[in-house]
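J.: Can you keep this structure in mind? I'll have questions shortly.
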């Protein structure tokens, strides 16, 4: 049991980690260098059949850094890195950190316009592309920033070699393995990376990440979340270009001298075999990843493992309980943080479903869904009562700065001024939370994902949780769609059925009637073979919202009109009647 004294000590560690000044030279790359000298034979990285100790890893990083110098890169340049999970990603990331090169970590799953957008908005002056990503790059070669293709180099991968005849230069590691010049001069206050936001409902933005943020978070989480012991191995199969893997896993491991086991990508089938093969004692997670794990058929590997702690974000209450009971994982550390945000929470007490306490000057503020803005009284924001939802805000001050995005306009849009007092400034997370009497926070939804229907606010998270409890429904994604003649947005769900299962509109209606308020029950349900996700397994809703509820595309859509006791297929005739309805009364009787 975590006592009040334990919590006080833990938060003292948190504060010390955050207070290390921007003038400090203890960057993550410098930490790797230090450990290569003091604990060089300690295992640092396990990948496939390879293992690298700290000394070998540092030499590899140095060779990459000297390769950069030979290619003309220098401090302050922006290097875009487009590469899947493999050791070379880590070598490039840390080599850039030794030289003061800002590395822009590009999502390997984006294509076409999305990839061209990312390589443009980050201001890349050079590009390292893994051979596995070359086809995606060549598809947009005519839309790249001027001159970038000439400064692009390919890092070959044995699994996916580059196609021949690309005309692209190969990246050549230097034979020189000495510490590159300037490494010791790097400070925590410098910009180290641009990490793109998830892009679940819009185009990703390039968040500015200082070396302080890239390093200190690992120190804090290693002490509070992982509580590392000798021989600990953290397994990560989430993409390294995102902050979950980069900070919760990689940064924590280096900061505390532990071992990282690296998976190429998440595989529900291959997950536990990897855990056993690497002898992992922990893994970092995203909530949807854990839902896939508990949906797998039972196996004799479920409990015969060394995992003692897992840490991550987005774990919903039902999956939390199932994960703990089925896999006998003693400690689950749920936290909240965003890539660009200046506020974070961590659940050290084990309250199921909570992301931790409201601390460090954070506030909740009521949101007006009709106006799409904060509720204000006498010019100031309003704190919600216990049990009600509010948007989480982080105070912008010396200890918790908001570095923002590379786009100044996007940065300004996330700052709320004169919030609770004259002259204050708060970072708007855009995330809704509910708070209980003990100040435990529970994630409710994204402001952009929640929607208003029949004068009430609908939480997509709540509806999704109930849909996946219906027998036969394997996965669900809930969002709002506009309906002619109605205010707000009607609930719609895209669902994936279990193999061999047919959609039972009456059973779904019966279950939802028992657990959801009338306004929260989806009006439309679309059947899909799979749900699109971001690279970090967050549900991607933008295309679904754009598609609306029009029949077509080979995906059956069901509708439940008020007064009916089941969902029935949306025929072209019913669709025409809905879109031509002139009032709520007309729609309810359609």
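The values are calculated or read from the model by the stated rules, or taken from the named source; none is laboratory data. Since the model is a prediction, treat every value here as computed from it, not as a measurement. Glycine gets a Cβ as well: all are built from the backbone with ideal geometry, and neighbour counts include every protein chain shown.
J.: Provide a single number: the residues in the range 287-306 that are surrounded by 14 or more Cβ atoms within 10 Å (Cβ to Cβ), at pLDDT 90 or above and more than 11 Å from residue 323 (Cβ to Cβ).
T.: 2
J.: Still on this structure, I have one more. Applying the selection to the range 567-590, what residues are exposed (fewer than 15 other Cβ atoms within 10 Å of the Cβ), at pLDDT 90 or above and either assigned to a helix (DSSP H, G or I) or over 39 Å from the mean Cα position of the chain (by Cα) (or both)?
T.: 572, 573, 576
J.: Look at residue 257 and say whether it is farther than 15 Å from residue 313 by Cβ and either free of Cβ contacts under 8 Å to residues at least 12 places away in the same chain or crowded, with 23+ Cβ neighbours inside 10 Å (or both).
T.: So residue 257 does not fit the description; no.
J.: Condition check: surrounded by fewer than 20 Cβ atoms within 10 Å (Cβ to Cβ), touching a strand residue (DSSP E or B) at 6+ places or on another chain (Cβ under 9 Å) and modelled with pLDDT of 95 or more. Does residue 331 satisfy that?
T.: Judged against the criteria, residue 331 is a match.
J.: When you go through 222, 182 one by one, which is the residue that is more than 22 Å from residue 103 (Cα to Cα) and in the same structural domain as residue 67 (by TED's automatic domain parsing)?
T.: 222
J.: Still on this structure, I have one more. Taking the options 423, 448, name whichever one is in contact (Cβ under 8 Å) with a residue 60 or more places away in the chain and in a loop (DSSP other than H, G, I, E, B).
T.: The conditions single out 448.
J.: Evaluate the following for residue 162: is it assigned to a loop (DSSP other than H, G, I, E, B) and over 16 Å from residue 92 (Cα atoms)?
T.: It is true that residue 162 is assigned to a loop (DSSP other than H, G, I, E, B) and over 16 Å from residue 92 (Cα atoms).
J.: Additional query: Please enumerate the residues belonging to the range 502-527 that are crowded, with 20+ Cβ neighbours inside 10 Å and not in a helix (DSSP H, G or I).
T.: 521, 522, 523, 524, 525, 526
J.: One residue is enough: does the range 480-493 have a residue meeting the conditions within 27 Å of residue 237 (Cα to Cα), modelled with pLDDT of 90 or more, crowded, with 17+ Cβ neighbours inside 10 Å and assigned by TED's automatic domain parsing to the domain that holds residue 457?
T.: no
J.: Criterion first (surrounded by 17 or more Cβ atoms within 10 Å (Cβ to Cβ), in contact with a strand residue (DSSP E or B) (Cβ under 9 Å, 6 or more places away or on another chain) and in a loop (DSSP other than H, G, I, E, B)) does residue 204 satisfy it?
T.: yes
J.: For residue 118, only one of the following conditions fails: (1) assigned to a helix (DSSP H, G or I); (2) in contact with a strand residue (DSSP E or B) (Cβ under 9 Å, 6 or more places away or on another chain); (3) at pLDDT 95 or above. What is its number?
T.: Evaluating residue 118 over (1) assigned to a helix (DSSP H, G or I); (2) in contact with a strand residue (DSSP E or B) (Cβ under 9 Å, 6 or more places away or on another chain); (3) at pLDDT 95 or above leaves (3) as the failure.
J.: Turning to a different aspect of this structure: Listed residues 309, 319; which is touching a helix residue (DSSP H, G or I) at 6+ places or on another chain (Cβ under 9 Å), at pLDDT 95 or above and either crowded, with 21+ Cβ neighbours inside 10 Å or within 29 Å of residue 209 (Cβ to Cβ) (or both)?
T.: Just one listed residue meets the conditions, 309.
J.: Looking at the range 87-114, which of its residues are outside any helix (DSSP H, G or I) and on the phi < 0 side of the Ramachandran plot? Steps first, answer last, please.
T.: First, the residues of the range 87-114 that are outside any helix (DSSP H, G or I): 100-111.
Within the range 87-114, 101, 102, 103, 104, 105, 106, 107, 108, 109, 110, 111 qualify.
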